[in-house]
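The values are calculated or read from the model by the stated rules, or taken from the named source; none is laboratory data. The structure displayed is predicted, hence computed values, not measured ones. Cβ atoms come from the backbone with ideal geometry, glycine included; neighbour counts cover every protein chain shown. Surface accessibility is based on the protein's heavy atoms, side chains included, excluding ligands, DNA and RNA. Shrake-Rupley method; radii C 1.70, N 1.55, O 1.52, S 1.80 Å.
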Amino acid sequence: MSFLEVLYIVVPVALAYATPLIIAALGGIFSERSGVVNIALEGIMVIGAATGIITTLTLTSMGLGGLSPWISLLVAMVVGALFSLFLAVPAILWRADQTVLGVAINMLAIGLAIFVVRVLYNKGQTDFIEYRIAKENVPILSDIPVLRMFFINVQYTSFIAIILAFVVWFVIFKTPFGLRLRSVGEHPMAADTMGINVTKMRFMGVMLSGAFGGLAGAVYAVTVTTNFSGTTIVGQGFLAIAAMIFGKWNPLGALGAGLFFGFAQALSIIGSNLPVISNVPQVLLLIAPYALTILALAGVVGRADAPKSVGIPYIKGKR
Amino acid sequence: MNKLNFNRLLIPLLSILMGLLVGAIVMLIGGYDPIRGFSSLFDGMVGSPYAIGETLRAAAPLIFSGLAVAFAFRTGLFNIGVEGQVLIGWVAAVYVGINFDLPMFIHLPLALLAAMFAAAAWAFVPGFLKAKFHVHEVITSIMMNYIALYTTNAILRSVIGVTNERTESINDSASLASPWLQEMTQFSRLHWGVLVAVLAAIVYYYILQRTTLGYELRAVGFNKHASQYAGMSVNRNIILSFVISGMFAGLAGAMEGLGTFNGMTLSASFTGVGFDGIAVALLGANTAVGVVLAAILFAGLNIGGLAMQLGANIPSELVKVIIAAIVIFVASGYAFNYVIDKFKGNRKKGVEKK
């Protein structure tokens, strides 16, 4: 097998695994840039995945066919945003410890999701969906030599994720909304003094992260696993947090890190069929993203500074 | 009882009530009968000697993981990595349990020590990184959880040689199992671990409240800068706190490996013991007694949940929702205090007006 042939196999799989990581990491950036730690991303993805599958199954039975998974993505965004209120309200209004909340919400999400699945289907996991977002060869582009590795066997959601990364970058660094969001995350009191509504901005940050996290979970469910159970989302949310940190809270950095982590996941899953990589113990590929994140944080890969006020509830009038 | 102590008791109790209320609402929305649900839940928790045995059995690892989280909390650190440390402790205990053939009075302590020290070494990493590079311990310990999950599976496969998803059983000389306790509880899986756990809670209290080390650790938790000024080594205390926390976590794993399961199974996801430990520590307000009581409550809910599924056909996952709700309410203590103060303030004003 030539190197190029290997890439033709690995790149499409890597893109499929990277897509939800990128989207969820973008969500994390919204929340953390506004000053709210979002450990709950994992749980939000669980809710998104459950919503995505349940909606797809329902819509398919109503006869919407191939459109159902696409609509389910939108539904998952709305449900994700609403679910993130479990984080937003206690964290922003009640001054609860955001990390603790995140852990509790992850627990809540998996409990609630499986509970609903059991109520609806009378079993611990859903059926497999009939219509998934399919792997396609992009017309014309998939005929270009070499570059075609990015356009064969690929889901359109992957391109959406990459475009979103640029959009989010623009929103955060080039619009008044982005400036306000960042100011609230760096120095809320200064922002408040300038007339920015800290509470409102933080709510928007968290709910945007909920929408993105819900979308990410649904994308993972309707492209990769195609059903929902308690082990559908295991660690993707935390991997997304890792990608966010590795990308230094920058959307384009998160895009790069997400692609890289997707690549690592792809290698750990299909690596045993590939030359050279099959000699690398699978466990090393599995732990690589997590170990690299620790190294990144320790400053080995360059400094990564979190927004200054992340994790600190803002109390008006307190200096 | 002064006001502080009163609120410290009131908030956990209110949170439990609110959590159960959330459970009842979810039951109603799901179309179930809450009264039937709660009665079968309660029955499954403490309704029979067997239920009590299983609840106490499940409490043992939770007491340890709760103490682990609480110990770090007391020194101002959040050890979210208990889950990973539990897995590492579990695998170490099982390794010693299977591969050595020694008299029990050496073998069992050796297996427990192995669990303690393996997990302590695992917990050393986030502590060291926090102390040396000021890396936030929450993120590093989450990452260490996943590294632990994949590493323990790899160790089980390649070092311990798992076939059929499960290790062979540990030797009897390393087992915490007790035929006497089992017989007394209608053959539940209750084992000596629960006594070891209560002993550990006493040790926890002793270290924190009665030793210089504990004083320093708490001081660093209260005010890092003041402690530094007073001549304590903050960095050393951060690392020590994580290492000791890891020791408790490792013993939680040993409870599962040497007590309940007599071995270990390959797993795609976490045990939940470590994450439940966070809930236990919070509800128990990081005190030894609180942790033991909270662990028994959550263990009972987990065990009763299974009975609820059988008895009232309500999915046992509801219990996770209840526990999560309790944690959210405990964490939102400020809101409670605010409401309580307002309530009291209004009443006081009313009295003054008269």
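Observations on the structure shown:
- For the protein assembly as shown, average projected area of the Cα convex hull in nm²: 33.8 nm²
- Listed residues B:164, B:302, B:235, most fluctuating in chain B (Gaussian network, C-alpha, under 10 Å): B:164
- Cα gyration tensor shape for the range B:30-91, rounded if a/c is under 1.5, else prolate or oblate: prolate
- Estimated dipole of the range B:1-83 in Debye, rounded to 20 [Cβ of Lys and Arg +1, of Asp and Glu -1, Cα centre]: 360 debye
- Choice from B:111, B:177, B:268 with maximal GNM fluctuation in chain B (Cα, 10 Å cutoff): B:268
- For residue B:134, the accessible surface of its heavy atoms amounts to roughly 150 Å² (probe 1.4 Å, protein chains only, rounded to the nearest 10).
- Cα-based shape type of the range A:126-214, given that a ≥ b ≥ c are square roots of the gyration tensor eigenvalues and the cut on a/c is 1.5: oblate
- Order of exposure, largest accessible area first, which applies to A:51, B:211 with probe 1.4 Å: B:211, A:51
- Heavy-atom accessible area with a 1.4 Å probe sorts B:338, B:32, largest first, into B:338, B:32.
- The range B:92-171: GluC sites (Glu not before Pro) in DSSP loop, at most 13 other beta carbons within 10 Å: B:165
- Potential lengthening between residue B:43 and residue B:105 on full extension [0.36 nm per residue; Cα-Cα distance subtracted]: 18.6 nm
- For the range B:247-253, 3J(HN,Hα) per residue [Karplus equation, 6.51 cos²θ - 1.76 cosθ + 1.60, θ = phi - 60°, Hz, x = Gly/Pro]: 4, 4, 4, x, 5, 4, x
- When the protein assembly as shown is described by a simple charge dipole with +1 on each Lys and Arg Cβ and -1 on each Asp and Glu Cβ, the residue from A:71, B:178, B:28 located farthest towards its positive end is B:28.
- Relative contact order [Cα under 8 Å, 6+ residues apart], the range B:198-354, whole percent: 14 percent
- The spread of Cα positions in the range B:118-234, taken along each principal axis and listed from longest to shortest, comes to 55, 36, 21 Å.
- Accessible area per residue for the range B:53-193, computed on protein heavy atoms with a 1.4 Å probe, is 37 Å².
- Just checking the listed ones, B:133, B:64, B:329: in the Gaussian network model of chain B with Cα springs under 10 Å, the one fluctuating most is B:133.
- Computed accessible area, residue A:6, all protein chains, 1.4 angstrom probe, square angstrom: 20 Å²
- For the pair B and A, total buried accessible area rounded to nearest 100 Å², probe 1.4 Å: 3500 Å²
- Heavy atoms of residue A:148: accessible area, 1.4 Å probe, square angstrom to 10: 80 Å²
- 13 Å beta-carbon shell around residue A:104, net charge (K/R +1, D/E -1): -2
- Sequentially through the range A:164-176, phi angles give Karplus couplings (6.51, -1.76, 1.60; θ = phi - 60°) of 4, 4, 5, 4, 5, 4, 4, 4, 6, 9, 10, 10, x Hz, Gly and Pro residues having no value and appearing as x.
- Expressed as a whole percent, the accessible area of the protein assembly as shown that falls on carbon and sulfur atoms is 66 (1.4 Å probe).
- Restricting the calculation to alpha carbons of the range B:111-173 gives Rg and Dmax of 14.9, 45 angstrom.
- Prolate/oblate/rounded call for chain B, Cα gyration tensor, a/c under 1.5 rounded: oblate
- Here the 3J(HN,Hα) profile of the range B:198-215, calculated from phi with Karplus coefficients 6.51, -1.76 and 1.60 at θ = phi - 60°, is 5, 4, 5, 5, 5, 4, 4, 4, 4, 4, 6, 9, 10, 10, 4, 4, x, 4 Hz, Gly and Pro shown as x.
- Taking label points 7 Å from Cα along the Cα-to-Cβ direction, residue B:134 and residue B:223 give a separation of 2.1 nm.
- Local net charge near residue B:190, Cβ-Cβ under 13 Å (Lys/Arg +1, Asp/Glu -1): 0
- Solvent-accessible area per residue for chain A (1.4 angstrom probe, square angstrom): 40 Å²
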